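Take a look at the structure below.
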Amino acid sequence: MKDICCIGHLTRDKIITPESTVYMAGGTSFYFANALNRLPQEVSFQLVTKVGEESMPEIEKMRDAGIDVLCFPSRHSVYFENKYGADTNRRTQRVLAKADPFTLKEVESLEAKVFHLGSLLADDFPVEVVEALSRKGLISIDVQGYLRNVQGESVHACQWEGKEKVLAMTDILKLNEYEMQVITDSNDPHTVARKLSDLGVREVVLTFGNYGSLIYSNGEFVEIPAYKPRRVVDATGCGDTYSAGYLYCRSQGMSCKESGKFAAAMCTLKLEQHGPFSRTIDDVRSVMR
């Protein structure tokens, strides 16, 4: 049994910033897995993904790097275009191709203490798949994909279908300032956290980019400051890097505060570069100091 299993589509990404245009692999599963793989292997991990034939070279590259990857076939890989302006907390997206959703058959043999569901689009994880996984271990969800629907090539905000049912099965939920308003109709983080807790979420992790993050667990709030990067290069994957650091620490019994600070430091280092987190745990601790 693994400590953490991340399930999510690997993507093909076109990342446009004021400084450059970069083509690379991406997606929650990509950034999460690569970040965890850079940390000491105190926590066992498996990545479960689903891609088209065009992405198989990237899968083999991740396996060669030492990542345990279980990959299912799909007609296509997800193909995202992410465009950032001067404010790296904001982006516009286009989806040039979609992958097939995950199925019950694909998850029936998985065993883990924590399943992190890296949703990219609203139909990635049918409710029955989440139900099956919740009977095996804890459920951690990055909410972003549940609120994104594709019409043509455009990404549109949508309501989370089956929200109450999924949240009742969710142990850890990560969302940002935009997502919290869509889900709860509130822009007050404390109100949002309490509402989500009332719906069954055990730990609510609210991230606010360079303004830090807020964690709500066991009726208590923990404020986590953001660490200032030396330079801002690429924000793509920062939220996924946060989740990797947070679950890495929580899986070892660290507190929400310790885990949040570690995750925030990883985000700062990720922000300074293109591609996934590629630094060391000593670098993370240096930022925290």
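The values are calculated or read from the model by the stated rules, or taken from the named source; none is laboratory data. Just so we're clear, the structure is a prediction, and the values are computed from it rather than from any experiment. Don't worry about glycine lacking a Cβ; one is built from the backbone with ideal geometry, like all the others, and counts go over all protein chains shown. What goes into the accessible areas is simple: the full protein's heavy atoms, side chains included, and nothing from ligands, DNA or RNA. Shrake-Rupley method; radii C 1.70, N 1.55, O 1.52, S 1.80 Å.
One line per residue, one yes/no per condition, for (1) among the aliphatic types (A, V, I, L, M); (2) open to solvent by 50 Å² or more (accessible area, probe 1.4 Å); (3) at pLDDT 95 or above:
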residue	(1), (2), (3)
Glu177	no, no, no
Ala193	yes, no, yes
Tyr211	no, yes, no
Val233	yes, no, no
Lys257	no, yes, yes
Gln273	no, no, no
Arg285	no, yes, yes
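Do the conditions hold for Tyr84, that is, is it of a type in the set (Phe, Trp, Tyr) and surrounded by fewer than 21 Cβ atoms within 10 Å (Cβ to Cβ)? It would help to see each step written out before you state the result.
Numbers: of a type in the set (Phe, Trp, Tyr): yes; surrounded by fewer than 21 Cβ atoms within 10 Å (Cβ to Cβ): yes.
So Tyr84 passes the test.
Inclusion of Thr207 among residues that are of a type in the set (Val, Ile, Thr) and open to solvent by less than 40 Å² (accessible area, probe 1.4 Å) is warranted. Got a sec? Which of Glu42, Glu19, Glu54 is part of a loop (DSSP other than H, G, I, E, B) and either modelled with pLDDT of 90 or more or in contact with a helix residue (DSSP H, G or I) (Cβ under 9 Å, 6 or more places away or on another chain) (or both)? After applying the criteria, what remains is Glu42.
Does Leu173 satisfy being within 29 Å of Leu271 (Cα to Cα), assigned to a loop (DSSP other than H, G, I, E, B) and within 15 Å of the chain's Cα centre (by Cα)? Give the steps one after another, and end with the answer.
Details: within 29 Å of Leu271 (Cα to Cα): yes; assigned to a loop (DSSP other than H, G, I, E, B): no; within 15 Å of the chain's Cα centre (by Cα): yes.
Against the criterion (within 29 Å of Leu271 (Cα to Cα), assigned to a loop (DSSP other than H, G, I, E, B) and within 15 Å of the chain's Cα centre (by Cα)), Leu173 does not qualify.
Considering region 252-289, the residues that are under 16 Å from the mean Cα position of the chain (by Cα) and touching a residue at least 60 places away in the same chain (Cβ under 8 Å) include one that is farthest from Gln46 (Cα to Cα), namely Leu271. When the test is whether a residue is in contact (Cβ under 8 Å) with a residue 24 or more places away in the chain and in contact with a Phe, Trp or Tyr (Cβ under 7 Å, 6 or more places away or on another chain), Leu96 passes it. What pairs come up if the first residue lies in region 157-168 and is basic (Lys, Arg), the second is open to solvent by 30 Å² or more (accessible area, probe 1.4 Å) and not in a loop (DSSP other than H, G, I, E, B), and their beta carbons are under 8 Å apart, counting only those six or more places apart or on different chains? Every condition considered, the pairs that remain are Lys165/Val127. For Ile67, the criteria (1) modelled with pLDDT under 90; (2) part of a loop (DSSP other than H, G, I, E, B); (3) touching a strand residue (DSSP E or B) at 6+ places or on another chain (Cβ under 8 Å) hold in every case but one, which is (1). The criterion of being aliphatic (A, V, I, L, M) and closer than 22 Å to Ser44 by Cα does not hold for Ile215. Among the residues of region 22-32, the ones that are over 10 Å from the mean Cα position of the chain (by Cα) and either among the aliphatic types (A, V, I, L, M) or not in a strand (DSSP E or B) (or both) come to 3 in all.
Taking the criterion of being farther than 20 Å from Ala244 by Cα and open to solvent by 30 Å² or more (accessible area, probe 1.4 Å), the residues of region 25-57 that qualify are Glu53, Glu54, Met56, Pro57. Consider Leu96 carefully, then state whether it is modelled with pLDDT under 95, surrounded by fewer than 20 Cβ atoms within 10 Å (Cβ to Cβ), aliphatic (A, V, I, L, M) and not in a loop (DSSP other than H, G, I, E, B). So Leu96 passes the test. Of the residues making up region 149-170, those that are under 18 Å from the mean Cα position of the chain (by Cα) and either open to solvent by less than 30 Å² (accessible area, probe 1.4 Å) or polar (S, T, N, Q) (or both) are Asn149, Trp160, Val166, Leu167, Thr170.
Tyr178: aromatic (Phe, Trp, Tyr) and more than 22 Å from Lys261 (Cβ to Cβ), yes or no?
On the way: aromatic (Phe, Trp, Tyr): yes; more than 22 Å from Lys261 (Cβ to Cβ): yes.
Yes: the conditions hold for Tyr178.
Among the residues of region 58-78, which ones are farther than 13 Å from Ala33 by Cβ and either touching a residue at least 60 places away in the same chain (Cβ under 8 Å) or surrounded by 14 or more Cβ atoms within 10 Å (Cβ to Cβ) (or both)? Across region 58-78, the qualifying residues are Phe72, Ser74, His76, Ser77, Val78.
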